[in-house]
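Here's the structure we're looking at; comments come further down.
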Amino acid sequence: MWVTAAATLLGNILVLLAFASDRKLGKINFNLYIVNLAITDICVSAIGMPLYTLGLYRGSWPFDQVTCAFWILLDWGMTFLSIFTLVAISVDRYWAACWPNSYRKLNVTKFRTLVTIAVAWLCVILIWVPPWLKDRLTYSEPGTCKWSTNNNREYVLFVAIAGYHGPSCIMIFCYVKVYRVMQRSGTKFVSKIAPAFGSSQPGGSLKPAGSSKKQSQLTKERRLFVSLSYILIAYLVTWSPFHITFDIDYFKPSAVPFEWYCIAYLTSYGNSMLNPILYAASSHDFRTAFKRILTCKIFKN
């Protein structure tokens, strides 16, 4: 687990360095969502993973309750921030595909993207801080650090629906709609979509273009859809075990062995490690930036 935490931390720091040092990546406002995901993953790998792993290794929580409160706030909060950022990405793609003219007019500035990210942070505060405060004010057990479904039953359904099931449904709906638009429009989709993830090319043009140019742009947009699909699928696969366990624990706590709960929790951490790999696998510009950084050619583009 320590290796996973280190790999996750280094991988996501690499993402931030790539964004800061590569002008192509920095010009694409959409990549700010990727930066936000990287920040959440860094917090998880630098604080969430090590503290949880140390607790498992020691067999009990080795720190005081103040540290416990901070860990619960950050670990769960960054989880919610990740999914809300993915929701923002999904809605962004849905808007760009279904209402391209409106998207180009209203959503092309860096300021609007930053506002969307700020709204995601605000949602985390509104959804998670009240249950967290109630738990920390009413529950404290030396040697234990967890947000218990048994002690917070009035909040469990709210947290589950607002923090996972609802956003997941929104993401799946958006991706299905975008996929259908792509299927119906074919090469016409080229003139509708926004800038590709990690691409240095601007948005599609309304001007006629040659068939080869249209096909090239369509290929880029399909790569965008595939890359974002990878991110979504990775999230659902790595986090579903925990949330299924969370739901079962609410209705029948005795049905969830402690070992399974630990496995589900550790599996969820894998998402933070996968994201940088997915960026590199799906984006030529990110791969180029990573190679330049790793070969000590940073800021030389």
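Flag not set for D285, criterion: among the acidic types (D, E), under 20 Å from Y52 (Cα atoms) and at pLDDT 80 or above.
The set of residues in the stretch 52-70 that are in contact (Cβ under 8 Å) with a residue 60 or more places away in the chain and under 23 Å from G270 (Cβ atoms) comprises Y52, G55, L56, W61. Against the definition (in contact (Cβ under 8 Å) with a residue 60 or more places away in the chain, under 18 Å from the mean Cα position of the chain (by Cα) and buried (at least 19 other Cβ atoms within 10 Å of the Cβ)), how does A120 come out, yes or no? Spelling it out, A120 is indeed in contact (Cβ under 8 Å) with a residue 60 or more places away in the chain, under 18 Å from the mean Cα position of the chain (by Cα) and buried (at least 19 other Cβ atoms within 10 Å of the Cβ). Would you confirm, using the coordinates I've provided, whether Y164 is touching a Lys or Arg at 6+ places or on another chain (Cβ under 9 Å) and either surrounded by fewer than 20 Cβ atoms within 10 Å (Cβ to Cβ) or hydroxyl-bearing (S, T, Y) (or both)? So Y164 does not fit the description; no.
Would a scan of the stretch 228-246 turn up a residue that is modelled with pLDDT under 75 and either hydrophobic (A, V, I, L, M, F, W, C) or out of contact with any helix residue (DSSP H, G or I) (no Cβ under 9 Å at 6 or more places or on another chain) (or both)? The answer is yes; a qualifying residue exists. Residue pairs whose Cβ atoms lie under 8 Å apart, separated by 6 or more positions or on different chains, with the first residue in the stretch 276-291 and over 10 Å from L25 (Cα atoms) and the second of a type in the set (F, W, Y) and assigned to a helix (DSSP H, G or I), are L278/Y230; Y279/F286; A280/F286; A280/F290; A281/Y230; S282/Y230. The test for being out of contact with any Lys or Arg (no Cβ under 9 Å at 6 or more places or on another chain) and either at pLDDT 80 or above or buried (at least 20 other Cβ atoms within 10 Å of the Cβ) (or both) does not hold for R104. Put simply, of A38, A20, A5 the only residue that is without any contact (Cβ under 8 Å) to a residue 24 or more places away in the chain and out of contact with any Gly (no Cβ under 6 Å at 6 or more places or on another chain) is A20.
The values are calculated or read from the model by the stated rules, or taken from the named source; none is laboratory data. Only a predicted model underlies this, so the values are computations on that prediction, with no experimental measurement involved. Glycine gets a Cβ as well: all are built from the backbone with ideal geometry, and neighbour counts include every protein chain shown.
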